[in-house]
Ligand SMILES: [Zn+2]
Ligand SMILES: [Zn+2]
């Protein structure tokens, strides 16, 4: 059958609005709305038959029951729902009334057309309301990860605006020891600060094992500026609580849940965080990042560079130290899971590479060494040998007990590419 014959057949089923008529032919002639398709077909059929043109009032449509006349109204409700919230991108999702979906099938069936001819009511609703939301609010549609997702439930007559998280990337330096990266809830009281009705002795009632954390210095400031409801801190690995993080710092992402502000001044934020931290930590290179940056920060293979203060049980000569460090440079190290590491983790032997080593003696019993190694290399154990569980080791090669008395991380860099890839930043 020709398209005009199909249109006549569809229109004969009862009052069908232009949009519902045109939607059956939605895949034809890009650049038209379904209402334009429907109206044009109705006119063309009338001309072809030389009959008077008989438009249909959308409110009278038996298929959509008049909902196709409500695009503007729903778009205004969306705009209202996000008022006071800064977003750049949006997406509209529609829960269509089951009755309308059924009517759409009946319409096509009645005209002998396939059930899936054209497109669904909800697809048109998403697009038509979406276009209007964009115009009303000056924002752009984004089908991957928009700042706000609207859910229109037509039967329930509700508009829900789900605000997606915003992300700030940066690098932190930890300038004081004994600061954990993330807030460390007390396990005795599960972070509540109370055991029964009594204040928890273990944490002094604070709910946390440490008063300060990198997260605690950074996340609340970002949350405040972005006016969110909660914050999550994602680090590219973590150093020991008693280790400093120096040099170029460690990459991290702060995720702000349901932010009302997104387009923030990151340089000012950087200054605010650093001022609040009072020298305990420092951040730099803050940038607005995409959702995907969280996974990148957590998963990208990264090498670590360490500086360790080492103490020996016996006197060591400069020559012996240099030759031991030379032997470790480029070596493959076998490490059985150290005792000090989380006991919930399965114990395994794993191999890690040492890339570079250097160092010098302070006196016969003390040295400072720098080690650049593959991610996951346990440095304290590389020095001590961990009672034979790490091989080779500095202590093993020197033939004398060696321990790390202070450990600093001086660089965390991607093994194959830098963390800072423009694809993972906004703008
Ligand atoms: Zn209709
Ligand atoms: Zn406690």
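When 179, 163, 154 are checked against the criterion of being over 30 Å from residue 264 (Cα atoms) and touching a strand residue (DSSP E or B) at 6+ places or on another chain (Cβ under 8 Å), 154 stands alone in meeting it.
Of all residues in the range 188-209, none satisfies being crowded, with 20+ Cβ neighbours inside 10 Å, more than 16 Å from ligand 2 (Cβ to nearest atom) and not assigned by TED's automatic domain parsing to the domain that holds residue 307.
Restricted to strands (runs of 3 or more DSSP E) entirely inside the range 277-392, those with at least 3 residues that are within 34 Å of the chain's Cα centre (by Cα), without any contact (Cβ under 8 Å) to a residue 60 or more places away in the chain and exposed (fewer than 15 other Cβ atoms within 10 Å of the Cβ) are 349-363. So, residue 21, is that one modelled with pLDDT under 95 and surrounded by 13 or more Cβ atoms within 10 Å (Cβ to Cβ) or not? No. When we screen 92, 16, 100 for residues that are within 24 Å of residue 130 (Cα to Cα), assigned to a loop (DSSP other than H, G, I, E, B) and touching a helix residue (DSSP H, G or I) at 6+ places or on another chain (Cβ under 8 Å), the only hit is 16. Taking the range 237-261 as the range and being in a loop (DSSP other than H, G, I, E, B), touching a strand residue (DSSP E or B) at 6+ places or on another chain (Cβ under 7 Å) and modelled with pLDDT of 95 or more as the test, the residues that pass are 258, 259. The set of residues from the range 140-153 being crowded, with 20+ Cβ neighbours inside 10 Å and in contact with a helix residue (DSSP H, G or I) (Cβ under 9 Å, 6 or more places away or on another chain) comprises 148, 150, 152.
Kindly evaluate residue 188 against the criterion of being part of a loop (DSSP other than H, G, I, E, B), under 25 Å from the mean Cα position of the chain (by Cα) and modelled with pLDDT under 90. Here the answer is no, as residue 188 does not meet what is asked. Scanning the range 65-89 for residues that are within 16 Å of ligand 1 (Cβ to nearest atom) and farther than 15 Å from residue 128 by Cα yields a count of 1.
Residue 364 meets each of the listed conditions (1) touching a strand residue (DSSP E or B) at 6+ places or on another chain (Cβ under 6 Å); (2) farther than 20 Å from residue 408 by Cβ apart from (1). Within the range 110-136, the residues that satisfy the criterion of being crowded, with 19+ Cβ neighbours inside 10 Å and in a helix (DSSP H, G or I) are 121, 122, 124, 125, 126, 128, 129, 130, 132, 133. Among the residues examined, residue 36 does not qualify as closer than 20 Å to residue 151 by Cβ and surrounded by 12 or more Cβ atoms within 10 Å (Cβ to Cβ).
The values are calculated or read from the model by the stated rules, or taken from the named source; none is laboratory data. As the structure is a prediction and not an experimental result, all values here were calculated from the model. Methodologically, a virtual Cβ is constructed for each residue, glycine included, from the backbone with ideal geometry; neighbour enumeration extends over all protein chains shown.
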